[in-house]
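A.B. asks: Here it is, the structure in full.
Nothing in this text is a laboratory measurement; each read-out follows from the coordinates by a stated rule. Keep in mind that this is a model prediction, so the values were computed, not measured. Every residue, glycine among them, receives a Cβ derived from its backbone with ideal geometry; neighbour counts consider all protein chains shown.
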Amino acid sequence: MTKRKMMAMQTDELYCGGFVHTLSGLISIDKYYDEHPEYFSGRKDWQPCLTNPEVFQIVLASVRERLEQYPNAKLISISQNDYPTQCTCENCLKVDAEEGSRAGAMLRFVNAIAEAIAEDYPDVVIDTLAYQNTRALPLITRPRENVQIRLCAIECCYMHSIDDPNCKRNRSFMEDLKAWSEVSEHLAIWEYTTNFDSYCSLHPNLEVLNDNMETYAQYGVDSIFCEANAKGVSGEFGVLKAYLLSKLQWDPYMTEEEYQYHINDFLECYYGPGWQVMRDLLDDLTSNALEQGGHVVAVGDRQFYPYYGFEPEDLEKIKADWAEARELALDDAQRLHLDRSYVSVLMAEASYYFYHMFDDPSNKQKFYDMIEYVKGIAIPLGIPHSYDSEMTAW
Ligand SMILES: [Zn+2]
Ligand SMILES: [Zn+2]
């Protein structure tokens, strides 16, 4: 699928009825739970029972209703709600046991809906998730030709390339990617390109964005959704990464030289003549993170104040260079861009204090002071700290 087509399909007209986690809308818990708790395995926070024939008829009717409402639609999502629970009725458990995967009941259900609408809507594809507990390909059932699997990389490490066999987080994901790619007519990826626990903190994933996009292309993936900052404007280097991801979607096979050219080209235009300080910071971030070892994830796993080895003396130099770059900026736009990304330098300092709190108790107060200082800068610039509410985020 071309990027243009994919973007068009994300409009309500072509991609109808919600983008993801749509089952809660297709069968309303509020409407049905009191009379039919068995539709939801007796729990309001569980997925609907996907082997119940009445649930099937309700969801099918909702799908048909939406397709009638949007006659140009080409894609409709039937996807699990955003919690890793599953119906535990006898039938669902039996199916999942036969299939060796929690995706078993899900895929049989989606296939059955896809079959039911195929004749009336021959151009419509049903999008569903292979996500968390449904990430592994079932043993028996295969997606129909009018079903799209959207494989989600939420558990992956972004320090190492997705196909790095030495990264244990990515190794199992690659097994699932290979398995789905062999049997799926339509395969999409949900990629995670920021630190969702702390939007402002430095996130060393720049060196894998191109490798990952090439791997996805090699495995026949035909569309990718890259989830990054969900609200507000970007701190860190989110705008640079959005630019690169856009370039990579046009050309996932670009050379390393071309990729590096695009990074520098963007930095120069976006930050002005002092851009090299940004490039140096990004390079140091990558080499520090690699030196530290370990993995870099998008969600959880001590991501609130990640420490990537920037010591106070490193940060003082970066701050001085940054002030110089600001002097060199050609206009207010470039100064604003520098200010936004500067929040990440301050967050690196906060992370240093956080990480060294037990070595030196005075760092505790320094950490809190720095967070207050960052808030004073970031909030007026419209930069959210994380996806959570401000109270819990800070
Ligand atoms: Zn069930
Ligand atoms: Zn890793």
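A.B. asks: Enumerate the aspartates and glutamates that K317 could reach by cross-link, defined here as Cα to Cα under 13 Å, with residues fewer than 8 away along the same chain left out.
C.D. replies: D280, D284, E349
A.B. asks: Non-local amide H neighbours of C226 (under 5 Å, H modeled in plane, Pro and chain starts lacking H): which ones?
C.D. replies: E191
A.B. asks: Okay, moving on. Using the Karplus curve 6.51 cos²θ - 1.76 cosθ + 1.60 with θ = phi - 60°, work out ³J(HN,Hα) for each residue of the range 144-155 in order, rounded to whole Hz, and write x for Gly and Pro.
C.D. replies: Here the 3J(HN,Hα) series is 5, 5, 9, 10, 10, 8, 10, 7, 9, 9, 5, 8 Hz.
A.B. asks: Right, next: At 1.567 mPa s and 4 °C, plugging the Kirkwood radius over alpha-carbon pairs of the range 127-168 into Stokes-Einstein gives what diffusion coefficient in µm²/s?
C.D. replies: It diffuses with D of about 107 µm²/s by this estimate.
A.B. asks: Looking at the range 274-393, what % of the alpha carbon pairs are farther apart than 16 Å?
C.D. replies: Value for the range 274-393: 66 percent of Cα pairs lie more than 16 Å apart.
A.B. asks: List the cysteines in the chain whose Cβ has no other cysteine Cβ under 4.7 Å from it.
C.D. replies: C16, C89, C152, C156, C157, C167, C200, C226, C269
A.B. asks: Next question. Show me, bin by bin at 5 Å from 0, the whole-percent P(r) of the range 132-263 based on Cα pairs.
C.D. replies: For the range 132-263, the binned pair fractions read 2, 10, 20, 22, 20, 14, 7, 3, 1, 0 percent.
A.B. asks: Return, for the Cα atoms of the range 187-315, the radius of gyration and Dmax in Å, separated by a comma.
C.D. replies: 14.8, 47
A.B. asks: A further question follows. Quick one: Kirkwood hydrodynamic radius for the chain, alpha-carbon pairs, angstrom, one decimal?
C.D. replies: Value: 22.9 Å, from the Cα pair sum.
A.B. asks: Quick one: check the C-alpha center-to-center distance for the range 198-216 versus the range 100-128, whole angstrom.
C.D. replies: Result: 32 Å between the Cα centres.
A.B. asks: Same structure again: Once you put a point 7 Å from the Cα of D123 and another 7 Å from the Cα of E145, both along the Cβ direction, what distance in nm separates them?
C.D. replies: 1.7
A.B. asks: Can I ask one more? Could you order peptides 20-30, 102-112 by the average number of other Cβ atoms within 10 Å of their residues, highest first?
C.D. replies: Per-residue mean Cβ counts within 10 Å order the peptides as 102-112, 20-30.
A.B. asks: For the range 77-174, compute Rh as the Kirkwood radius over C-alpha pairs and then the Stokes-Einstein diffusion coefficient at 4 °C and 1.567 mPa s; write the answer in µm²/s, rounded to an integer.
C.D. replies: 89
A.B. asks: Here's another thing I want to ask about it. Enter the angle in degrees (range 0 to 90, nearest 10) between the Cα long axis of helix 168-183 and the first principal axis of the Cα atoms of the chain, meaning the one along which they spread out most.
C.D. replies: Roughly 40 degrees between the two axes.
A.B. asks: Here is a follow-up. Based on alpha-carbon centroids, what's the gap between the range 335-352 and the range 221-266 in Å, whole number please?
C.D. replies: 20
A.B. asks: Work out the P(r) tail for the range 16-92: percent of alpha carbon pairs separated by more than 18 Å, whole number.
C.D. replies: 38
A.B. asks: Once every DSSP H run of n ≥ 4 in the chain is given -39500 (n - 2.57) and the sum is divided by its residues, what mean residue ellipticity at 222 nm do you get, rounded to the nearest 500 deg cm²/dmol?
C.D. replies: So the calculated ellipticity at 222 nm is -15500 deg cm²/dmol.
A.B. asks: Restricting to bridges with both residues inside the chain, how much of the DSSP beta-bridge set is antiparallel, in percent to the nearest 5?
C.D. replies: Looking only at bridges with both residues in the chain, the antiparallel portion is about 5 percent.
A.B. asks: Out of E191, E291, E98, any idea which swings most in a Gaussian network model of the chain, alpha carbons joined below 10 Å?
C.D. replies: E291
A.B. asks: Run through all the Cα pairs of the range 137-215 and give the fraction in each 10 Å bin from 0, expressed as whole percent.
C.D. replies: Reading upward from the zero bin: 18, 46, 27, 9, 1.
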